[in-house]
Amino acid sequence: MPSSVMPTPTPIPVLPPPAAVSAVGLRKAYGDRTVLDGVDLHIPAGSVFALLGPNGAGKTTAVKILSTLISADGGQAQVAGHDLATSAEGVRAAIGVTGQFSAVDGLITGEENMLLMTDLHHLARPEGRRVAAELLERFDLTDAAKKPASTYSGGMKRRLDIAMTLVGEPRIIFLDEPTTGLDPRSRHAMWGIIRALVTGGVTVLLTTQYLEEADELADRIAVLDHGRIVAQGTAEELKRRIPGGHVRLRFSDPAAYRSAAGALSEAAHDDGALTLQLPSDGSQRDLRSVLDRLDTAGIEADELTVHTPDLDDVFFALTGPTAVPTPTTRPKEAVR
Ligand code: ADP
């Protein structure tokens, strides 16, 4: 057939990455207390997804449901293509879970914990020993391998927990508050471990109370509060939702403060701290305009700080009993 009459090849459709986890309308109640109130999640394979929320928001409950430890009262979910309701075994074979329900046994050594896992996964003993040694090495636990796990630091226990999870070569890992209670150095080490897992192709769902952690690690973030997802998106998308940008002027001289408050009448006042706060996008033009107005009035501020919205703003605006805080009552401003 001459090439001129060849049918035009159908373009290959660009498919979105398959979902590692997708959930619609997950519900859970204990007695008359609703803990999850219709949670939808879509986690693309190979990504890090953070479920961010305060204590009691329902994060662990969501992880327990998705890992088949408990059942939902309503809704549907697929994990690694397996339906939670009809293929719990398939889900369990594809996932690893670490965190508050850690499998680490403190009474036996790190190595023995690892060998229990290799036995559980039916690896022959020599193969099991090889895999255990490799993982202990990878997580910097070789020197401690013969010591009881109860003697390990918090960071070492978490590393052992993840090493044990990896014996089963899970494609999806649930990390329930992986860094809660860790010192800053161990927290950074854990972040490195999580990044390395994702580079290796694993999908990670992590829960956290730390905005910084979600910002550092996650491709997408869902903010969970009282069992509902109140916001979802990339860190940048969430930040864009909050008009939290402002400049803050601090004075040490009360008279200068009063004159400035008169000249910048739209500013929010804090008479106790002698500070003024004005909405601002942080641009050079915007800052120059504020400074020009101060110059015209012959006033000099002792300090000028520019605040661009961060995840803290999102968190405080979207969770908790209060609505969007006004600039003068913004909780974290008081502690900065
Ligand atoms: P988070 O992980 O975000 O801190 P959890 O999922 O652990 O939140 O808990 C959410 C809410 O559900 C909390 O108020 C908690 O007390 C309640 N809860 C969790 N498990 C149970 C249970 N087995 N029985 C009764 N209430 C529970």
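The values are calculated or read from the model by the stated rules, or taken from the named source; none is laboratory data. Keep in mind it's a predicted model, so treat the numbers as computed, not measured. Cβ placement follows ideal geometry from the backbone for every residue including glycine, while neighbour counts extend to all protein chains displayed. Note: areas computed on protein heavy atoms with side chains; ligands, DNA, RNA excluded. Shrake-Rupley method; radii C 1.70, N 1.55, O 1.52, S 1.80 Å.
Screening LEU136, LEU84 for residues that are more than 16 Å from the ligand (Cβ to nearest atom), in contact with a Ser or Thr (Cβ under 9 Å, 6 or more places away or on another chain) and assigned by TED's automatic domain parsing to the domain that holds GLY181 leaves exactly one candidate, LEU84.
Only residues that are in a loop (DSSP other than H, G, I, E, B) and under 14 Å from ASP312 (Cβ atoms): list them for segment 197-211, please. Within segment 197-211, GLN209, TYR210 meet the criteria. Looking across segment 279-322, the residues that are of a type in the set (Gly, Ala, Ser) and not in a helix (DSSP H, G or I) come down to SER280, GLY282, SER283, ALA297, GLY298, ALA301, GLY320.
Within segment 87-96, restricting attention to residues that are open to solvent by 40 Å² or more (accessible area, probe 1.4 Å) and under 15 Å from ILE173 (Cβ atoms), which residue is farthest from the ligand (Cβ to nearest atom)?
So in segment 87-96, the residues open to solvent by 40 Å² or more (accessible area, probe 1.4 Å) come out as 89, 92-93.
Subset that is under 15 Å from ILE173 (Cβ atoms): 92-93.
On the way: ARG92: 20, ALA93: 24 Å.
If we take residues in segment 87-96 being open to solvent by 40 Å² or more (accessible area, probe 1.4 Å) and under 15 Å from ILE173 (Cβ atoms), then ALA93 is farthest from the ligand (Cβ to nearest atom).
Taking the conditions (1) more than 19 Å from PHE49 (Cα to Cα); (2) open to solvent by 40 Å² or more (accessible area, probe 1.4 Å) in turn, ARG171 satisfies each one other than (1). For segment 199-213, give me the residue count where each residue is open to solvent by 10 Å² or more (accessible area, probe 1.4 Å) and within 15 Å of the ligand (Cβ to nearest atom). Of the residues in segment 199-213, 3 are open to solvent by 10 Å² or more (accessible area, probe 1.4 Å) and within 15 Å of the ligand (Cβ to nearest atom).
Every test in (1) open to solvent by 80 Å² or more (accessible area, probe 1.4 Å); (2) of a type outside the set (D, E, K, R); (3) in a helix (DSSP H, G or I) is passed by LEU107 save one, and that test is (3). Applying the criterion of being outside any loop (DSSP other than H, G, I, E, B) and open to solvent by less than 30 Å² (accessible area, probe 1.4 Å) to the residues of segment 61-73, the residue that is farthest from the ligand (Cβ to nearest atom) is LEU66. Does segment 176-192 include one or more residues that are over 17 Å from ILE108 (Cβ atoms) and part of a strand (DSSP E or B)? Yes, there is a match, as at least one residue in segment 176-192 is over 17 Å from ILE108 (Cβ atoms) and part of a strand (DSSP E or B).
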